[in-house]
Amino acid sequence: MIKPYPYFRNTIHYLLFTICCFLQSCNSCNQAHTEKLNFFRYNQSSGITSLDPAFAKDQGVIWPCNQLYNSLVQLDDSLNIKPCIARSWEISEDGKTYTFHLRRDVRFHNDSCFNGGKGRYANAQDVVYSFNRIIDPKTASPGAWIFSNAVDKSEPFIALNDSTFQLKLVKPFRPMLGILTMQYCSVIPSEAIKKYGANFRSHPVGTGPFMFKYWKEGTALILAKNPNYFEADGQEKLPYLDGIKISFIDNKKTEYLSFKQKELDFINSIDASYMDEVMGDDGNLKNDLKEKFNLIKTPYLNTEYLGFLTTETTVVEKNPFMNKRLRQAINYGFDRREMLRYLRKGIGKPAESGFTPYGLPSFNGEKVIGYTYNPDKAKQLLKEAGYENGKGLPQLKLYTNETYKEFALFISKRLEQLGLNIKVEIDQPSILREWMTKGTVQFFRGSWLADYPDAESYFAVFYSKNSAPPNYTRFSNVQYDALYEKALAENDDVKRYEIYHQMENIILAEAPVVPLYYDEVLHFSQKNVEGLTANAMNILNLKRVKLK
């Protein structure tokens, strides 16, 4: 048995050393201090519940799964859909059949579940198995919804041969390609499930750029370079890193201090208590930190908004927000830019181009012109609504949770200048969601985070045939519904985006919501980190990262 050198302070560092030596088989590795090894270190404060992609419902699981597995298609940094395991694909003229042609050089990680311990090549039958497993009730995957009511009931997934996979839909649904980039759709081998069963969560086998090596829950997760990975960067094989070490510091303040002490290579955002220390009023790093850290700021597909109940229900009568002019007046009645400067240090973009956020390929701030601060216009609309200077209106209650209390107070104070009397009600998030679902609140704060990179995820919020969730406002518009259904069947992205812009303008005109701001991702990294990029889905991609 090899004894660890004295400078290996714990078993995790020793394991990093052992893996590095195994992968590189070089004398220089034997002499390296663990902190100098080519391992990328990040922290997952929320912990990781599983490494099974069937349970990749939150960031803690999605990020390591993105390193361990591949799907048929993948996203680039601009959220364009690119080949991955599938080298090409076609969509039938009726929009219901997707045919994917697979690469022949994609190999599963070496693992004892295979004969001889050597990973075999992935094929179309593996895709069929992986997708069927998602919808199998026995799996109990939270991702089963991605195919629910969308795929053909009899035979949705077909392997025409080893390298040709076919997906059949009940009706056209163009966002399906975006859904297939989700980690739920990762391709896995049946042999691993047969061997490990429920323990697959802690013994993953995929085709990704990194392989599973070690996981002590609550302490560390270590992934090592996959020497057989199929993707390359020009003539160089990916990935560049020897591995990844994930820690589980549950305190965000401690996480930032660890990053500051260079014990982590990367952190995703920072604790609010350090925001003034790190960020300037312009939403960028302070000058004295620009030589110490890198900051990547990119769109995040999350829209924060206020919602109105636009109809009467069995529990809500005499709803003043059924008056469109009142809803429009509130949209004009406060300064989103001032709000972001005051409460977010300029992080995020004012939602002045509708409900769907910037960062989506279909976003167009020239064709979709939303609300900006215009108190004169707001006063005129109140007058047209029959509530000049707020007269005749009862006290309006704005429901939110503690996290967004300051936003609600900011907006209520500004709207008071128009004569509106608004009381901010603070409730637990779970209780507020229940009330929104039942339609018992007329005015509420909400947020909408995209599950997949298509604006359809946002437009579904206003489709009248959808109940709550997602249609918490009970919005109903015949023209909007017709455009929504037309967009789902349109395979040409340019034409589909034109329809999206028409839908967005209907939402703006009818004003069932008050878009507040489009969120942004903040990625901080050490100066020696190269090749780290960010995307609006906030998916961590480490296959092209280098440590200088």
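The values are calculated or read from the model by the stated rules, or taken from the named source; none is laboratory data. No experiment lies behind these values; they were computed from the predicted model shown. Cβ atoms come from the backbone with ideal geometry, glycine included; neighbour counts cover every protein chain shown.
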Seminar exercise, completed: Scanning region 435-470 for residues that are within 18 Å of Ala487 (Cα to Cα), of a type outside the set (Asp, Glu) and not in a helix (DSSP H, G or I) gives Ala450, Tyr452, Pro453, Ala455, Tyr463, Ser464, Lys465, Asn466
For this session: Give Glu510, Glu520, Glu485 a once-over and let me know the one that is touching a residue at least 24 places away in the same chain (Cβ under 8 Å) and more than 20 Å from the chain's Cα centre (by Cα).
Result: Glu510
Seminar exercise, completed: Expected single match for buried (at least 19 other Cβ atoms within 10 Å of the Cβ), not assigned by TED's automatic domain parsing to the domain that holds Ala150 and not in a strand (DSSP E or B) among Ala536, Ala487 is Ala487
Exercise. Can we say Ser148 is free of Cβ contacts under 8 Å to residues at least 24 places away in the same chain, in the same structural domain as Arg120 (by TED's automatic domain parsing) and either surrounded by fewer than 18 Cβ atoms within 10 Å (Cβ to Cβ) or under 22 Å from Val61 (Cα atoms) (or both)?
Worked result: yes
Seminar exercise, completed: Cβ pairs under 9 Å, 6+ apart or interchain, first in region 277-290 and closer than 12 Å to Ile347 by Cα, second exposed (fewer than 10 other Cβ atoms within 10 Å of the Cβ) and at pLDDT 90 or above, ordered by first then second residue, are Gly280/Asn287
Problem set entry | When residues of region 210-258 are limited to those that are under 23 Å from the mean Cα position of the chain (by Cα) and β-branched (Val, Ile, Thr), the one nearest to Arg87 (Cα to Cα) | Ile244
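Rundown of residues vs (1) within 29 Å of the chain's Cα centre (by Cα); (2) not in a helix (DSSP H, G or I); (3) not small (Gly, Ala, Ser), yes/no style:
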| site | (1), (2), (3) |
| --- | --- |
| Glu338 | yes, no, yes |
| Gly346 | yes, yes, no |
| Thr356 | yes, yes, yes |
| Thr372 | yes, yes, yes |
| Lys379 | no, no, yes |
| Phe407 | yes, no, yes |
Exercise. Are any residues in region 324-347 of a type in the set (D, E, K, R) and under 12 Å from Asp281 (Cα atoms), and if so, which ones?
Worked result: Glu338, Arg341, Arg344, Lys345
For this session: Inspect region 450-461 for any residue being more than 20 Å from the chain's Cα centre (by Cα) and surrounded by 18 or more Cβ atoms within 10 Å (Cβ to Cβ) and give the result as yes or no.
Result: no
Exercise. Which one is surrounded by the most Cβ atoms within 10 Å (Cβ to Cβ), of the residues in region 244-264 that are touching a strand residue (DSSP E or B) at 6+ places or on another chain (Cβ under 6 Å) and either of a type in the set (A, V, I, L, M) or closer than 17 Å to Asn538 by Cβ (or both)?
Worked result: Ile244
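Is it true that some residue in region 304-321 is over 24 Å from His523 (Cβ atoms) and in a helix (DSSP H, G or I)?
yes
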